[in-house]
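The values are calculated or read from the model by the stated rules, or taken from the named source; none is laboratory data. Model, not experiment: these values are computed from the prediction. Positions of Cβ are generated from backbone atoms using ideal geometry, with glycine treated the same way; all protein chains shown enter the neighbour counts. Note: areas computed on protein heavy atoms with side chains; ligands, DNA, RNA excluded. Shrake-Rupley method; radii C 1.70, N 1.55, O 1.52, S 1.80 Å.
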Amino acid sequence: MYFSHLFAPTLREVPAEAEVVSHQLLVRAGFIRKSSSGVYTYLPLAWRVIKKISAIVREEMNKAGGQEILMPIMQPAEIWLESGRWQVYGKELFRLQDRHERDFCLSPTHEELVTDLVRSNVSSYRQLPLFLYQIQNKYRDERRPRFGLMRGREFIMKDLYSFDRDEEGLEITYRKMYQAYQTIFKRCGLDFRPVEADSGAIGGSVTHEFMVLAESGEAQIVYCSNCDYAANVEIAPCFPSENSKEPLQKREKVATPSQTTIEEVAGFLKIPAHKLIKTLFYQADQEIIAALVRGDRMINEIKLQKLHPALTLEMASAEKVKEITGCRPGFVGPVSLKNIKIYADEEIKTMVNAICGANEEGYHLINVQPHQDFDVFAYGDLRMSEAGEACPHCHAALKTARGIEVGQVFKLGTKYSKALGAKYSDEQGQEKFMVMGCYGIGISRTMASAVEQNYDDEGIIWPMAIAPYHVVIIPVSIKDNLLWEKSLEIYRALREKGIEVILDDRDERAGVKFKDADLIGYPIRLTVGKKFKEEEKIELKLRGDQAVKFVSTQEIIMVVMDILARELKY
Ligand code: 9G3
């Protein structure tokens, strides 16, 4: 492809709303354009990357026994009513009606539809296991679409659904898919880690997320420095550390004028933050509950939701808090709280002479004794795991990292097969529910996370396997016939070998072409310039390296092919 023919409108300015590197670079380098909030067009460069990622995913899914299908994007409400999820997902589910006022939704995922398909077309144990997958657009009306392709309202997902005869079958399938995922992300050239994760509202028990490691990642993970334990902090268990034993002091109310945060109160009273009790109020469906963690800890809302099951759990508004406690959030505490369930982290149990809000504007209580001064409805592990925490497997110190979730594998069990009645008859003619699993990969998000992990000040540095093109050829001047003819010759020779190459045929200064090449991120750059005139040599530069090499014109095709062969083998 000649660069002048390529539809890759590059930009000097990035849109102000682009908060993350992948969003900025993909827009600037001419890969994507926004259509509406969280909805993007993939321009030719992006679509090539997407097709490469999809091809890798397809190959590995087929190898694992998957059969590709394509289900509708539009789904009837009936099956969602059957599973009970029509009510569970509120505004996040895009809903629409046809001309007869029948309800539909735009697919956020396909558990219901695929289960409906299988229940009416599979009836015997001989037809199982069955693995069906698709690569297709999904729709979720995110409250805050952000970060470009990271959290769009329309995105491309590979979703595979497995149907097994029993739990043992599911276990084998789950391992097979987990392995396939390892291969996929390795082949894509990404630095990633599978972690234990929370199964959320979807139900089911065992689940792993595949995280691309990147500073900008929204997910926080803990991993062991000694064994292979790794988990999303959302589910990583914490062991309460012992609080120091000291003689009990008499409770007092002290003035803490306008000191509302943990740091402010700790600084004002000259005590460490771990002596404080952090009191948080949540709206759990119709009920307000309170949750307590030590002042130096972070609350983990997923763990809280497990201790107090609710469909939705959100921080209560400041007005609600005032209604209940009589004051604003900065001065609240558990002492004398009435008619409200208090959940407390295990560490609260052993605190002595603690400090908390007095439920009175401008005051805190000191020397509070949790075992006698207030009633806890339930104690539990409610805090977020941190660096240095003991590994639940081997007790070595955990480390933390940030990641972008690009894949997730779930054991669903019989949740959907029971809800929709997907049964088969076994060897004895007995009716049994199919045992399901589901396995997703965010294809468009994988592209964005590859950028988050591989870039520098100049632009993107694509891993070879998913680069939109492998090579760019830059004649430093197209007006110089010798340079142009040689560039064209190399271009044709590379194309002949099936190598994906761009020839920058623009009548621009070499510097402009280098800048665009770095921005777009071709892995290999060949420059035909001064060194060609002097010594018949081509300059070869890898996007990720600083150094350049000079290769004779006779060898250049072989050298490029060698690099490709090396980089693309897995
Ligand atoms: C919805 C809406 C949002 C959702 C879901 C349903 C997330 C929903 C979880 C999954 C799990 C798996 C298949 C591939 C692997 C992952 N957000 N989830 O079910 F209606 Cl609005 O999608 N699905």
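The residue that is nearest to the ligand (Cβ to nearest atom), among those in region 392-407 that are buried (at least 21 other Cβ atoms within 10 Å of the Cβ) and not β-branched (Val, Ile, Thr), is 407.
Could you check, for region 176-194, whether at least one of its residues is free of Cβ contacts under 8 Å to residues at least 40 places away in the same chain, within 22 Å of residue 150 (Cβ to Cβ) and either within 14 Å of the ligand (Cβ to nearest atom) or not in a helix (DSSP H, G or I) (or both)? Checking region 176-194: at least one residue is free of Cβ contacts under 8 Å to residues at least 40 places away in the same chain, within 22 Å of residue 150 (Cβ to Cβ) and either within 14 Å of the ligand (Cβ to nearest atom) or not in a helix (DSSP H, G or I) (or both).
Have a look at 249, 286 and point out the one that is under 29 Å from residue 322 (Cβ atoms) and not hydroxyl-bearing (Ser, Thr, Tyr).
Working: 249 fails: under 29 Å from residue 322 (Cβ atoms).
Sole residue among the options that is under 29 Å from residue 322 (Cβ atoms) and not hydroxyl-bearing (Ser, Thr, Tyr): 286.
Reported count of residues in region 444-465, each being surrounded by fewer than 24 Cβ atoms within 10 Å (Cβ to Cβ) and β-branched (Val, Ile, Thr), is 1.
Tell me, which strands (runs of 3 or more DSSP E) wholly within region 323-377 include 2 or more residues that are touching a helix residue (DSSP H, G or I) at 6+ places or on another chain (Cβ under 6 Å)?
Details: elements: 341-345, 354-357, 363-368.
Answer list for region 323-377: 354-357.
The set of residues in region 485-529 that are open to solvent by 50 Å² or more (accessible area, probe 1.4 Å) and among the aliphatic types (A, V, I, L, M) is empty. Against the criterion of being of a type in the set (Gly, Ala, Ser), in contact with a Pro (Cβ under 9 Å, 6 or more places away or on another chain) and on the phi < 0 side of the Ramachandran plot, residue 107 qualifies. Residues that are farther than 30 Å from residue 184 by Cα and either open to solvent by 10 Å² or more (accessible area, probe 1.4 Å) or of a type in the set (Gly, Ala, Ser) (or both) within region 466-484 comprise 476, 477, 478, 479, 480, 481, 482, 484, listed in sequence order.
With respect to residue 281, determine if the residue is surrounded by 12 or more Cβ atoms within 10 Å (Cβ to Cβ), over 30 Å from the mean Cα position of the chain (by Cα) and more than 14 Å from residue 383 (Cβ to Cβ). The answer is no for residue 281. Among the conditions (1) open to solvent by 10 Å² or more (accessible area, probe 1.4 Å); (2) in a strand (DSSP E or B); (3) within 20 Å of residue 432 (Cα to Cα), residue 161 misses just one, which is (1).
Quick one: would you say residue 274 is touching a strand residue (DSSP E or B) at 6+ places or on another chain (Cβ under 7 Å), within 21 Å of residue 248 (Cα to Cα) and in contact (Cβ under 8 Å) with a residue 24 or more places away in the chain? So residue 274 passes the test.
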